[in-house]
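The values are calculated or read from the model by the stated rules, or taken from the named source; none is laboratory data. Here the structure is a predicted model, which is why all the values come from computation and not from measurement. A quick note on method: Cβ atoms are made from the backbone with ideal geometry, for glycine too, and the neighbour counts reach across all protein chains shown. Accessible surface is based on the protein model in full, side chains and every heavy atom, while ligands, DNA and RNA are left aside. Shrake-Rupley method; radii C 1.70, N 1.55, O 1.52, S 1.80 Å.
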Amino acid sequence: MASGRHLLAELDRALNTSRDEFRALDIELQSASAALARNQRRQISLYQKLAQHRLAEIDSERFTSSADAADKQAQRLLQERSSALSALHQQIADSESRIDALDAVEKNAQQELDDAEVSLNTLLLEVDEALVQDGAFQALRQDAQTALDTAANAAAKTTEAQARREDKRIPYDSDPLFSYLWREGYGTPDYRAGLLQRFMDGLIAKHIRFESARRNYFTLNEIPRRLEQHAARLEETAASKTQAVLDAETEADNAAGAQQLQQAVDAAQTTLREASDTADSEQERCADLIRKRESFALGQDEHFVKAMKILSDQFRAEPIPQLRQDAAMTPAYEDDEVVDEIESLRREQQRLSHYLEGHRDLHTRRAARVNELTAVRRRYKQRDYDSSNSVIDDHGKVSLMLSEFLRGVISSDRLWRSIRHSQRFRKSRMPHHRKQRVGVSIPRMPRSVRVPRSRGGGGFRTKGGF
């Protein structure tokens with residue numbers, strides 16, 4: 001078992017490691033992408049040189065002009081790309097610095113909240129000890145316990161009477177003649193019938209001894225109803241006496257200064273929540289910037305795509321086999337050397353392209369891992385799993401699942417399910433947690449009133465419960 005904050009620290013370490021791995025691969029892909037761009041530009045320059053020397057029968061002036069224009073346009077786009085990438089790098093660095101600063105603010109706010117909660121809880125424990133020695137409070141508490149037990153007894157008797165009623169009603173409800181006369185209201189002021197029907201109903205009533213059965217059936221239904229009314233009055237009494245204990249508890253807490261300490265806790269919680277929200281917003285902004293930088297690393301940004309199109313179009317203007325054939329027909333060795341370099345550049349281009357293609361999936365997976373782990377951390381904090389009373393029961397299993405997630409064995413959803421199933425909150429006696437359940441007539445028993453459990457259910461000595 002470990003605390004919720006201990007697991008949060010593990011998540012933070014895993015997230016930092018994932019970001020470092022992503023940055024390292026991102027740098028490698030940026031370098032390969034830049035090398036591929038330089039390779040393409042060099043090839044264009046060599047094509048221009050070959051065109052000037054060997055394409056005498058082609059409109060070399062038009063070709064060279066077109067090549068110059070394409071090279072200049074590609075160069076301009078790549079310069080703009082470099083500037084945009086530098087600006088993006090700076091934005092990410094600034095965002096990461098802000099994240100570090102906000103993390104420090106959040107930790108300070110968390111420490112202030114911890115200190116305030118410790119002070120409040122210490123005071124409340126002292127009040128508890130004083131109330132144990134308070135005769136008037138103990139009498140009030142015992143009175144509430146007695147009322148609860150009495151209400152529980154009444155509820156148990158009501159339930160028992162209802163069960164007996166259902167069993168004893170069967171022979172009455174299954175008799176069609178009795179059921180008919182009962183529905184008609186025979187023998188009561190509600191009975192309405194003509195002379196002939198009254199005569200016939202009288203014969204039936206005499207035959208089945210209806211009057212005696214009617215009184216028994218009425219009593220059978222009336223007793224549980226009156227018991228229910230009595231139990232309801234006892235519930236109200238128990239609720240009133242229990243609330244009196246809660247009020248006395250609250251009065252003792254406030255007299256000792258709990259209200260001021262609670263206000264300090266509330267203020268610290270607000271400060272921490274605002275700090276967390278600001279940090280989470282900056283985390284999202286940084287993630288968006290990293291996703292944008294990813295398009296640069298993968299060569300999918302707008303500037304790179306446009307430049308590559310221009311260069312590719314220029315490559316198609318003169319295929320390499322034709323250029324080698326033209327170079328072989330000239331006495332100058334320079335043209336052959338240029339073609340050899342072009343072949344070498346094309347092989348290097350293929351290697352770089354294969355490298356980028358082979359690592360794009362890894363880059364995407366690592367980026368997704370960072371984003372998913374960021375989402376898990378955000379959900380972890382939104383659920384208050386990093387609070388002071390949060391614990392992780394099967395910490396070893398959760399740590400193993402985190403390691404498997406980092407290795408790509410399991411998904412972030414499975415990691416989150418493992419965390420959620422292992423997390424629980426320790427019970428804490430705090431005033432702001434004293435909330436009555438909606439729809440329950442008897443409020444939660446105060447901390448100092450004993451409500452023993454029994455086999456009868458409901459947590460009362462006398463079997464009853466609400």
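Under the classification rounded if a/c is under 1.5, otherwise prolate if a/b is larger than b/c and oblate if not, where does the stretch 217-315 fall, given a ≥ b ≥ c as square roots of the Cα gyration tensor eigenvalues?
oblate
Across the stretch 81-134, how large is the tail of the calculated P(r) beyond 12 Å, expressed as a percent of all Cα pairs?
That tail contains 76 percent of the Cα-Cα pairs.
Give me the distance in nm between label points sitting 7 Å out from Cα along the Cα-to-Cβ direction at Thr146 and Lys292, one decimal.
Each label point lies 7 Å from its Cα, and together they span 7.4 nm.
Over the stretch 146-220, give the accessible area per residue in Å² for a 1.4 Å probe, as an integer. Write out the running numbers ahead of the final one.
Details: 4920 Å² over 75 residues.
That works out to 66 Å² for each residue.
Once you order the gyration tensor axes a ≥ b ≥ c over the Cα atoms, which shape class does the stretch 64-216 get: rounded for a/c under 1.5, otherwise prolate or oblate by comparing a/b with b/c?
On the way: a/c = 8.03, a/b = 2.05, b/c = 3.92.
The shape class here is oblate.
Could you sort 137-145, 159-167 so that the peptide with the highest average Cβ count within 10 Å comes first and the rest follow in order? Walk me through the numbers on the way to the answer.
On the way: 137-145: 18.3, 159-167: 13.8.
Most protected by this proxy first, the peptides run 137-145, 159-167.
Can you tell me the accessible area per residue over the stretch 227-287, all protein chains present, probe 1.4 angstrom, in square angstrom? Mind showing how you got there, number by number?
Numbers: 3100 Å² over 61 residues.
Each residue of the stretch 227-287 exposes 51 Å² on average to a 1.4 Å probe.
Take every Cα-Cα distance within the stretch 152-297, group them into 10 Å bins from 0 onward, and report for each bin the whole-number percent of pairs it holds.
Result returned by the calculation: 9, 18, 13, 12, 10, 10, 12, 10, 5, 2, 0.
If I take R0 = 60 Å and measure r between the Cβ atoms of Tyr355 and Leu125 in this structure, what FRET efficiency does the formula 1/(1 + (r/R0)^6) give, to the nearest 0.05?
On the way: r = 65 Å, r/R0 = 1.08.
That pair, Tyr355 with Leu125, gives E of 0.40.
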